[in-house]
Amino acid sequence: MEKVVEDLLNLGTTTVSDACDRLGINAQAVGIMPLDRNFKLGGRAFTVKTIPSKNVNPGNVGDYIDEVKEGQVVVLDNEGKPNATVWGDILTIMSHRNKLAGTVIHGVCRDASRSLELGYPIFSRGNTMRTGKDRVECVAINEQCSLGDVHVSPNDVLVGDADGIVVIPSDRVDEVLKIGKQIEAAEDNIRAEIAKGSRLDEAREKFKYHALQTRDEK
């Protein structure tokens, strides 16, 4: 795993989210959660956009998987629709075999048990059994897409854990990491202070807790 991505993943999504708030970055893919709360992922985005099919034969919407590189995160934008899946058992097997970092879906998946069996991280808006075959079609690969209110471009960094998914623009990764480390250090100091018996309000005041997520005004 790329060092900067590993460092962001070690900080965790809550700290990275706070850093993005401080920098005015809309990063939180609200409502997209892991199939297993123990799942974590970190990697660069490989984006796929799908829509409800207008064709009699929409083709093989999963064939893009052969183009995804080891360590990348598949980001699937199916407009958040819950009525047809865009990911299942065979894609999970292929992705696990090819050592992808995980899959993030603005929509739903199926064959959830395979993901759990293999320990392959999937983050989605839910799961159901209804196939997307002949119901969805792929309209774009490696173009900007969305995870709800958050835009994702190819090569953006995604970090995921039990609290969800954050998306960091590729040109702001170092900046987010720097601020994230500052926030983590301050919160570590607060934890240590209250462990010694200090009052919480005093510890927060001492280490400027209430300013940690406040947007910087340039």
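Can we say Val150 is modelled with pLDDT of 95 or more, under 19 Å from the mean Cα position of the chain (by Cα) and surrounded by fewer than 24 Cβ atoms within 10 Å (Cβ to Cβ)?
Yes, satisfied.
Given the criterion among the β-branched types (Val, Ile, Thr), closer than 20 Å to Gly164 by Cβ and more than 16 Å from the chain's Cα centre (by Cα), identify the matching residue among Val61, Val75, Val86.
Values: Val61 fails: closer than 20 Å to Gly164 by Cβ; Val75 fails: more than 16 Å from the chain's Cα centre (by Cα).
Residue meeting the stated conditions: Val86.
If you go through the stretch 38-87 one residue at a time, how many are in a loop (DSSP other than H, G, I, E, B), without any contact (Cβ under 8 Å) to a residue 40 or more places away in the chain and closer than 18 Å to Leu100 by Cα?
6
For Val173, work out the one condition from (1) surrounded by 24 or more Cβ atoms within 10 Å (Cβ to Cβ); (2) in contact with a Leu (Cβ under 8 Å, 6 or more places away or on another chain) it doesn't fulfil.
(1)
State all residues of the stretch 128-144 that are within 27 Å of Asn38 (Cβ to Cβ) and buried (at least 20 other Cβ atoms within 10 Å of the Cβ); if no residue qualifies, say none. I'd like the intermediate steps shown before the answer.
To start, the set of residues in the stretch 128-144 that are within 27 Å of Asn38 (Cβ to Cβ) comprises 128-130, 132.
Listed by number, the list holds a single entry, Gly132.
Among the residues of the stretch 94-110, which ones are outside any strand (DSSP E or B) and buried (at least 19 other Cβ atoms within 10 Å of the Cβ)? Give the derivation first.
The initial filter retains those residues of the stretch 94-110 that are outside any strand (DSSP E or B), namely 94-101, 107, 110.
Those that are outside any strand (DSSP E or B) and buried (at least 19 other Cβ atoms within 10 Å of the Cβ): Ser95, Leu100, Ala101, Gly107, Arg110.
The values are calculated or read from the model by the stated rules, or taken from the named source; none is laboratory data. Keep in mind that what you see is a predicted model, and the values were worked out from it rather than measured. Here the Cβ is made from the backbone with ideal geometry for all residues, glycine too, and neighbour counts use every protein chain on show.
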